[in-house]
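Please read the structure below before turning to the comments.
The values are calculated or read from the model by the stated rules, or taken from the named source; none is laboratory data. Keep in mind that this is a model prediction, so the values were computed, not measured. Note: areas computed on protein heavy atoms with side chains; ligands, DNA, RNA excluded. Shrake-Rupley method; radii C 1.70, N 1.55, O 1.52, S 1.80 Å.
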Amino acid sequence: MEIRTLGNTGLRVSRLGFGAAPLGNEYGGMDDAEAQRAVDLAIDSGINFFDVAPYYGRTLAETRLGAMLKGRRQEVVLATKCARYDVAGFDFSAKRVTRSIDESLQRLQTDYLDIFHIHDVEFGDKRQIVDEAMPAMRRIQASGKARFIGITGLSLRMLREVSAEAPVDCMLSYCRYNLLNTDAAALDPGGLINASPLHMGLLTVAGPPAWHPATPLIRDTARRIVDYCQGRGVSVTDIALQFALANPAIASTFAGISTTDEVRQNLRAAGSAPDSEILKEVELLAQPARGHIWRAGRPENYDPNMEYECQNLIRLLPMN
């Protein structure tokens with residue numbers, strides 16, 4: 001497994017990361033024993049970067065991951081988040097951020113985090129995030145409870161504007177660098193983490209979960225890619241993951257994992273290159289969706305100049 005340095009943090013992270021949202025049953029139920037085997041196999045195979053949040057499963061994912069990392073905490077780079085706790089449950093206040101770190105540490109059965117992120121910044125007031133939440137994050141960092149701090153979100157505008165006013169150690173962008181959308185390539189690459197290389201399930205044979213916010217154009221484009229890959233006898237998930245992992249400016253890409261089969265499949269994809277002719281055709285099929293994304297968060301935080309199909313599509317969804 002290739003190891004990369006995360007921005008200026010000095011953290012050495014695996015190019016392929018373990019996205020722990022499935023441990024919160026965000027994509028359906030899971031077997032605890034099998035998930036434990038998946039965590040162990042991932043670590044044994046060189047995957048050392050784990051990402052979770054109190055929002056995933058409403059603390060369930062953190063609780064499960066904490067138990068599964070028992071005895072192996074020092075082998076991984078561990079990241080979690082604050083400020084989002086339910087579908088419409090956001091709190092960017094300094095008081096809540098400060099309380100959140102202690103709650104997460106308890107669930108994760110550790111006395112420090114490697115990275116502590118503010119979750120989905122597009123749902124917050126920018127002034128509160130910059131003037132209240134970020135100073136609280138730096139105090140947490142100074143206390144030793146988190147080695148580094150960052151922000152996550154769908155809106156590239158908010159990632160840019162928040163980090164410009166309150167510099168962060170790293171940032172996580174989701175659904176903005178994969179076959180269907182490559183806008184995150186325009187971000188400052190320092191400390192950039194990518195999530196949702198399968199566009200939250202769109203680039204899979206099974207298709208997305210019921211709550212997925214994608215517009216019809218994005219869904220139809222994804223389905224054409226899936227159908228093309230099936231027709232050529234190749235795995236669309238492999239192609240999608242290989243595409244995301246190929247960008248050297250991205251330190252790590254998180255893929256959601258909860259089974260040993262998923263670990264093996266992702267490792268196999270990460271260890272090989274896609275067929276260049278198939279990838280070329282897939283990228284052509286993806287073009288109609290490029291430059292399109294759904295709306296999320298506060299209207300004032302939307303990305304400017306983006307193309308939206310549905311003017312009133314403002315959704316609060318269980319992912320990142």
Original post:
Taking every eigenvalue of the Cα gyration tensor of region 49-104, multiplying by 5 and rooting it, what semi-axes result, largest first, whole Å?
Top reply: 22, 12, 9
Original post:
For the chain, how many pairs of lysine residues have a Cα-Cα distance under 20 Å, where the two are 8 or more positions apart or belong to different chains?
Top reply: 7
**OP:** Taking just the C-alpha trace of region 44-140, give me its Rg and Dmax in Å.
**Re:** 13.5, 43
**OP:** Mind checking the full-extension length gain between GLU2 and SER143? Use 0.36 nm per residue of separation minus the Cα-Cα distance, one decimal, nm.
**Re:** 47.6 nm
Original post:
Considering only protein heavy atoms, what is the solvent-accessible area of PHE148 at a probe of 1.4 Å, reported in Å² to the nearest 10?
Top reply: 40 Å²
Original post:
How big, in percent, is the set of alpha carbon pairs in the chain lying more than 28 Å apart?
Top reply: 34 percent
Subject >> Helix-only [θ]222 nm of the chain, DSSP H runs n ≥ 4, -39500 (n - 2.57) each, per residue, nearest 500 >> reply: -10000 deg cm²/dmol
**OP:** Would you mind telling me the share, in percent, of accessible area of the chain contributed by carbon and sulfur at probe 1.4 angstrom?
**Re:** 49 percent
Subject >> Over 20 Å [Cα-Cα, region 173-285], rounded percent >> reply: 37 percent
Original post:
With θ set to phi - 60° and the Karplus curve 6.51 cos²θ - 1.76 cosθ + 1.60, what are the ³J(HN,Hα) couplings of region 79-86 in order, to the nearest whole Hz, using x for Gly and Pro?
Top reply: 10, 9, 9, 9, 5, 10, 10, 7
Original post:
Full extension from LYS70 to LEU217: what is 0.36 nm times the residue separation minus their Cα-Cα distance, to one decimal in nm?
Top reply: 48.5 nm
